[in-house]
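As structure tokens, the structure follows; a few thoughts come after it.
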């Protein structure tokens, strides 16, 4: 047998031939630092603060003999991504020194929004400012109506209560068709298209225009030309006596 030469093993008979790699029949395990852990188990039998049951502390040593130095030692730190002084609980780590962006307070409810952290006053902004689990609580609210077609008039069937108007909402509920931007109170009505543009409840009928036709122009026939301007009756020239006959043309009686 070759002596292992381990300083923590006793050799009662002085032969050193009975020790072997793990100690022979006469070998005795010792606890040099008196911490209750024998040398074969203790990772540092010369330091009573180092053994398998010791807590890890920030001292640059492997206090608990797990082969890692200062692991899990020190306070808890959380990453403060939004810079409001409060960290996200999900990022908690224990370390002797604060990591980059690490803070000791891990109570932020929304580490992406600096408007939210414990102790802030609640304001009307759609965020849980005071991290109590409620949004815009305790503030005065009003009813707002959805304006899907963007004509400035809201749909009475779609509303929400809020301390300020959400995007796409208005304070009135006067739209009769929130799918048609041409339909709203005050819009110009187009007759006969079966659409209620001005939201008065009905379409405007188109007016019927009656057109009177003009009668044909009356023309007066011209009388036949008067061959004898002296004869007002237009019967021709007056009969005359023949130079050769003593009687008129109608005969003598």
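For the reader, a short list of remarks on this structure follows.
- Order of 46, 37 under a 10 Å beta carbon neighbour criterion, fewest first: 46, 37
- Cβ-Cβ FRET estimate between residue 67 and residue 107, R0 fixed at 25 Å, reported to 0.05: 0.15
- With each label modelled as a point 7 angstrom along the Cα→C-beta vector, the residue 81-residue 182 pair spans 4.8 nm.
- Distance in nm between pseudo-label sites at residue 31 and residue 190 (7 Å out along the Cβ direction from Cα): 9.8 nm
- Taking 7 Å steps out from each Cα toward its Cβ at residue 174 and residue 123 produces label points 3.3 nm apart.
- Put in line by how crowded their Cβ is, counting other Cβ atoms within 10 Å and starting with the fewest, 194, 181, 164 read 194, 164, 181.
- Sorted by Cβ density within 10 Å, fewest first, the residues 29, 77: 29, 77
- Fully extending the segment from residue 211 to residue 142 would add 19.2 nm, taking 0.36 nm per residue of separation and subtracting the current Cα-Cα distance.
- Here the calculated FRET efficiency for residue 90 and residue 157, from their Cβ-Cβ distance with R0 = 35 Å, stands at 0.30, rounded to the nearest 0.05.
Each reported figure results from applying straightforward, stated rules to the coordinates on display, with no laboratory input. This structure is a prediction, so every number in the text was calculated from the model and none was measured. All Cβ positions, even for glycine, are placed from backbone atoms using ideal geometry, and neighbour counts span all protein chains on display.
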